[in-house]
Amino acid sequence: MRSFSLLMACALFASVSLDVKADSFYQVPLTNDAREFARLENKLPAVLSYFSRQSLAELQDFYRQQLGEPDNSAMVDGRLNLYYRVNQQQVRILISEQNDWRQVDIMVQ
């Protein structure tokens, strides 16, 4: 019975924590429709990955509006790489096509 209660408490916590929506990662903003699927932030380099329905151009415009012009940008193997400096940390934002979604990977060093 104690194991069952612990299991139920963990399940409840997991379902509640999935509904919490962060609006930034290391002060790099996320889009309103971001569907986070991976986060590694215990130490640097830290990574957050999410899916968005916005187009590649819309995402590029979003990050330009939020962070300014990137220090550098390049299209590599069909992925847009945007390079920024945010609070003295190097940030790389990768945007790639995934069926009807765009995958956004934010890497902070």
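Residue-by-condition table, conditions (1) surrounded by 12 or more Cβ atoms within 10 Å (Cβ to Cβ); (2) within 15 Å of residue 107 (Cβ to Cβ):
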position	(1), (2)
28	yes, yes
38	no, yes
47	yes, yes
78	no, no
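Taken over segment 49-59, the criterion of being assigned to a helix (DSSP H, G or I), buried (at least 18 other Cβ atoms within 10 Å of the Cβ) and not aliphatic (A, V, I, L, M) is satisfied by no residue.
Screening residue 43 against (1) modelled with pLDDT under 95; (2) surrounded by 14 or more Cβ atoms within 10 Å (Cβ to Cβ) leaves a single unmet condition, (2).
One line per residue, one yes/no per condition, for (1) closer than 14 Å to residue 89 by Cα; (2) touching a helix residue (DSSP H, G or I) at 6+ places or on another chain (Cβ under 9 Å):
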| site | (1), (2) |
| --- | --- |
| 23 | no, no |
| 27 | yes, no |
| 33 | no, no |
| 44 | yes, no |
| 52 | no, yes |
| 56 | no, no |
| 64 | no, no |
| 67 | yes, no |
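Residue pairs whose Cβ atoms lie under 7 Å apart, sitting 6 or more positions apart in sequence or on different chains, and linking a residue in segment 83-109 that is open to solvent by 30 Å² or more (accessible area, probe 1.4 Å) to a partner that is of a type in the set (Asp, Glu), are 83/71; 85/71.
The values are calculated or read from the model by the stated rules, or taken from the named source; none is laboratory data. In this text the structure is predicted, and so the values were computed from the model without any measurement. Note that each Cβ is placed from the backbone with ideal geometry, even for glycine, and that neighbours are counted across all protein chains shown. Only protein heavy atoms, including side chains, enter the accessible area calculation; ligands, DNA and RNA are left aside. Shrake-Rupley method; radii C 1.70, N 1.55, O 1.52, S 1.80 Å.
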